[in-house]
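Colleague: Quick one: the structure is below, questions incoming.
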Amino acid sequence: MTNPLITLYRSKIYTAIALLIILLVIGVIGFRFMSHYTWVDAFYMTVITITTVGFGEVQPLDDKSKIFTIFLILNSVVIVGYALTIITEFILSKNNIEELKQKKMQKKIDALNNHIIICGFGRNGKQAATKLLAHKQPFVIIEKNKEVIEKFEDENTPFVLGNANEDEILLQAGITRASTLISALPNDADNLFVVLSARQMKSDLRIISRASQETSYEKLKLAGANNVILPDRIGGDHMASLVVVPDLIEFIDNLAIVGESNINIEEVQVEKLYDPKTGIKTIKDLDLRHKTGCTVIGFKNGNGEYIVNPEAELKLVPNSKVIVLGRPEQIQKLNTVFSLD
């Protein structure tokens, strides 16, 4: 996103350049027809007059040409001075604007809690950010390529410029307040280093790492990663599944579509769905189907165990989660009814 002040300075620079070109054209035409110079001599006289280098005339000037030269010098002093001032201000202000923008972004990052840190904004990092943005999850991206940041940075995508291998950069991204770290760097060795550093800096941090080689899987797990994803394996398995059970996979893919309002699956903490004082004790008591149209398709208990298609009489316990399925408008109604947004 281009800063309005930088845009203003650029427009002024274009104006200054246009004025210089107009002055150059007027000078060449004036010397060509008033002093009967050749085009080359006219261009030469115009340049040495505008730049005030002090060289002599190609040939003596008559009174009319001298008056024209005076006019050209006075205007060139004003226009060249204006151009130099604008260019100098632009260079200085650009540095100040970048510094102010970084401070503003850092202030926003410092205000985050229980956010997600994404290390690397390549293909996997972008997909993770898109998904988190669709689910309105706060996140910070660490990226060492400044060109990538300048291309994708906006108010909804906070970036930290730097190498995720450095502890200072992780601290700048708020790792001590974060809930999850996604290491999506292209190199397994870099991911391993990030996982080791992150685990030492925050013992209860959930860490998800990308791995290119299967041999790196166990190393990343030993380093402290809670989950290790092998994109190539997932991709191959997905393609094979499209051969074996194509309709089922296409249906699942439709559930995973990401956008502003087309989320089909939601995972919700049971504490957000009921107040113990209301007497709600089971999935049946929630009555989600009647209230929102959503269907409960899964349940995760406090021990981390998953139950697919749980019974209606299943008791809701603290620190558990309910997984629901519904159309986008039903998911939105769920968020509205239970104030999940």
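Values quoted throughout were computed directly from the atomic coordinates according to the rules given, and no laboratory measurement underlies them. Quick caveat: nothing in here was measured; it's all calculated off a predicted structure. Reconstructed Cβ throughout: ideal geometry from the backbone, glycine too, with neighbour counts over all protein chains shown.
Colleague: Provide the percentage of antiparallel DSSP beta bridges, counting only those with both residues in the chain; round to the nearest 5.
Modeller: Values: 15 of 33 bridges.
Taking every DSSP beta bridge within the chain, about 45 percent pair in antiparallel fashion.
Colleague: If you take the C-alpha gyration tensor of the chain, multiply each eigenvalue by 5 and take the square root, what semi-axes do you get, largest first, in whole Å?
Modeller: They are 65, 23, 20 Å, listed largest first.
Colleague: Who wins for biggest fluctuation among 70, 169, 207 in a Gaussian network model of the chain, springs between alpha carbons below 10 Å?
Modeller: 70
Colleague: Considering only DSSP beta bridges whose two residues both sit in region 112-229, what percent are antiparallel, to the nearest 5? Mind showing how you got there, number by number?
Modeller: Values: 1 of 19 bridges.
Restricted to region 112-229, the bridges split so that about 5 percent are antiparallel.
Colleague: Filter the cross-link list 108/151; 126/151; 101/146; 272/333; 104/333; 284/333 down to pairs whose alpha-carbon distance in this structure exceeds 23 Å.
Modeller: 104/333
Colleague: Rounded to the nearest 20 Debye, what is the dipole magnitude of the chain about its Cα centre when Lys and Arg each give +1 and Asp and Glu each give -1 at the C-beta?
Modeller: Charge dipole, the chain, about its Cα centre: 620 debye, nearest 20.
Colleague: So, one more: Looking at the chain, do any whole DSSP H helices span at least 30 angstrom along their long axis by alpha carbon and average 0.5 or above on Kyte-Doolittle, and which?
Modeller: Working: long enough: 4-34 (44 Å, 1.73); 63-110 (70 Å, 0.25).
Qualifying helices: 4-34.
Colleague: Between residue 336 and residue 36, what length comes free when the chain is fully extended (0.36 nm per residue of separation minus the Cα-Cα distance, one decimal in nm)?
Modeller: Taking 0.36 nm per residue and subtracting the Cα distance, the gain is 99.8 nm.
Colleague: Specify the residue with the greatest mean-square fluctuation among 104, 66, 221, computed from a Gaussian network of the chain linking alpha-carbon atoms under 10 Å apart.
Modeller: Highest fluctuation among the options: 66.
Colleague: Further question: If I build a Gaussian network model for the chain, linking alpha-carbon pairs within less than 10 angstrom, which residue out of 90, 251, 299 has the largest mean-square fluctuation?
Modeller: 251
Colleague: What FRET efficiency do you get for residue 232 and residue 13 if R0 is 45 Å and r is their Cβ-Cβ distance, rounded to the nearest 0.05?
Modeller: 0.40
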